[in-house]
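So the structure is just underneath, and the comments pick up after that.
The values are calculated or read from the model by the stated rules, or taken from the named source; none is laboratory data. Values in this document were obtained by computation on a predicted structure and should not be read as measured data. Neighbour counts run over all protein chains shown; Cβ positions are idealised from the backbone, glycine included. The accessibility values were calculated without ligands, DNA or RNA, using every heavy atom of the protein model including side chains. Shrake-Rupley method; radii C 1.70, N 1.55, O 1.52, S 1.80 Å.
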Amino acid sequence: MATDAIESLSPVWGRITDIVVDRGEGSCLYDTVGRRYLDFTCGIAVTNTGHCHPKVVAAIQAQAARLIHGQINILFHQPMLDLVGELQTVVPLALDSFFFSNSGAEAVEGAVKLCKHATGRPNVIVFSGSFHGRTHLTMAMTTSKTVYRVGYQPLVPGIFVAPYPYAYRLGMDEMQAAEHAMAELKRLLKSQTAPDETACIVVEPVLGEGGYVVPPARFMTELRELCDETGILLVADEIQTGFGRTGKFFAVAHFGIVPDVMTMAKGIASGLPLSCVVTRKDLAARWRTGTHGGTFGGNAVACAAGAATLRVIKEEALVENAAERGRQLTLGLRRLQLDFPIIGDVRGLGLMVATEFTSEGQPATTTAKALVKTAQEAGLLLLTCGTYDNVIRWIPPLVVTQDEIEEALDIFAAALDNTITS
Ligand SMILES: Cc1ncc(COP(=O)(O)O)c(C=O)c1O
């Protein structure tokens, strides 16, 4: 029966494992035969409060019994108002107008539509290695891998791509990478899309799907200055980096910059579908009423889960835990790097950590994939990322304990021993 159903699922989903999951609790998943897995994928950076946090579950159950759907064009509902109240305490102060939708891609679509109205300009700049979603617009804004676009081209026009300051890939130090990326961005504004035709620059404050790359702080501050000088709006896509993941509530705080628009999803509601675009009220006032919306955006149960998620993150000091456990994880991986030079780079912020595998300067994709498989067999779930899939990303829940990090490092060390020597 289960096999029949599995065979009836669309083959368009790329698959990572064949695990049939039964339940989740904290940092762990349990399959239908009771096997435990340490989940260091977090459903792709979603379950920041851990699987089925009791306070989030209680909020979902209570709201489901009261009101499931209260459509936002027709009604206001309390969970959305509560969520706005919670978000106001964590987003940059200047950002005070919230729009809700269901997925990350929808939030990015919304952000670009807002920027087009607010500026009256048509074009968008993104960075190489970016991932912003899988709709037609966000596919055009996604440059991490061709698999996300193949067979769908030509895509939405008016999207221009500048290099991300990926120091390790460029073989540069941070300063050189920042200078190179800024010079190329300025060249793009001279050669391909003039500032007065450019609505926004959309940046991931830590590159996600493209390889978990932390940009030099100098690049981010210069990006803010460039946007101020040109009237181009700066959109921070915090969909993967938000809600404590990087050891700050939002990653832009690491660089001391405030974007004009921020997109959020993934960790916002501990696994219920919800996303958000936040901007300044003066920009929101230029987003013409009725020109954007959606049936389900800001669903009552999802908003209740979101408000509970934010309270849990604050009450349980999960942002601080992300910073602390992130240091432990990064240190442990750097120790392994000394024994296994195929780990070319260990980088990250908080619990958004990457190990990039390279051999003789080339991406060691086979090794990275073999390690993910061996770790899975030993009970640790990991994911790869990067254009060449040669980066293993470490994204445990923010509730992860010191012992669980040690357990994961032990499993990974054994997987390295097996994979590299065999
Ligand atoms: C930075 C970023 N933006 C946008 C998206 C798209 O989000 P969704 O898959 O919810 O549409 C993702 C998903 O991985 C992401 O990491």
Of the residues C28, C52, which single one is open to solvent by 40 Å² or more (accessible area, probe 1.4 Å), under 21 Å from the mean Cα position of the chain (by Cα) and within 23 Å of E315 (Cα to Cα)? C52
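On the basis of being charged (D, E, K, R) and either crowded, with 17+ Cβ neighbours inside 10 Å or free of Cβ contacts under 8 Å to residues at least 24 places away in the same chain (or both), does K186 make the cut?
Criteria not met by K186.
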From the list M182, M175, M220, which one is part of a helix (DSSP H, G or I) and within 16 Å of the ligand (Cβ to nearest atom)? M220
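Would you call I268 surrounded by 24 or more Cβ atoms within 10 Å (Cβ to Cβ) and either free of Cβ contacts under 8 Å to residues at least 40 places away in the same chain or within 16 Å of the ligand (Cβ to nearest atom) (or both)?
yes
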Could you please find all residues in the stretch 108-117 being of a type outside the set (D, E, K, R) and either within 15 Å of the ligand (Cβ to nearest atom) or open to solvent by less than 10 Å² (accessible area, probe 1.4 Å) (or both)? V108, G110, A111, V112, L114, C115
Do you know which residues across the stretch 213-265 are among the aromatic types (F, W, Y) and more than 18 Å from A178 (Cβ to Cβ)? F243, F249, F250
Residue match in the stretch 356-364 (condition: touching a residue at least 40 places away in the same chain (Cβ under 8 Å) and not in a strand (DSSP E or B)): no
Those residues that are of a type in the set (A, V, I, L, M), open to solvent by less than 10 Å² (accessible area, probe 1.4 Å) and under 25 Å from T193 (Cβ atoms), I need them from the stretch 227-257; list them, please. I232, L234, V235, A236, V252
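Out of the residues in the stretch 77-107 that are part of a loop (DSSP other than H, G, I, E, B) and open to solvent by 20 Å² or more (accessible area, probe 1.4 Å), state the one that is farthest from K248 (Cα to Cα).
Per the criteria, the residue is N102.
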Can I74 be described as among the aliphatic types (A, V, I, L, M), in contact (Cβ under 8 Å) with a residue 24 or more places away in the chain and assigned to a loop (DSSP other than H, G, I, E, B)? no
Residue count for the stretch 272-318, restricted to those that are acidic (D, E) and not in a loop (DSSP other than H, G, I, E, B): 2
Does the stretch 273-293 hold any residues that are in contact with a Gly (Cβ under 9 Å, 6 or more places away or on another chain) and surrounded by fewer than 16 Cβ atoms within 10 Å (Cβ to Cβ), and which are they? R286
Filtered residues of the stretch 158-181 (kept if out of contact with any strand residue (DSSP E or B) (no Cβ under 9 Å at 6 or more places or on another chain) and not small (G, A, S)): L170, M172, D173, E174, M175, Q176, E179, H180
When the stretch 386-422 is examined, which residues are found to be part of a loop (DSSP other than H, G, I, E, B), surrounded by 16 or more Cβ atoms within 10 Å (Cβ to Cβ) and polar (S, T, N, Q)? T387, N390
Under 6 Å by Cβ, and 6 or more places apart or on different chains, what pairs join a residue from the stretch 131-144 that is under 17 Å from Q240 (Cα atoms) and of a type in the set (A, V, I, L, M, F, W, C) with one that is open to solvent by 10 Å² or more (accessible area, probe 1.4 Å) and more than 11 Å from the ligand (Cβ to nearest atom)? M139/R149; M139/L155; M141/I159
Here the residues within the stretch 92-142 that are more than 17 Å from I268 (Cα to Cα) and in contact with an Asp or Glu (Cβ under 7 Å, 6 or more places away or on another chain) are R121, P122, N123, S130, F131, T135, L137, T138
Of the listed residues (F127, F131, F160), the one being over 19 Å from V12 (Cα atoms), within 16 Å of the ligand (Cβ to nearest atom) and either modelled with pLDDT of 95 or more or over 18 Å from the mean Cα position of the chain (by Cα) (or both) is F127
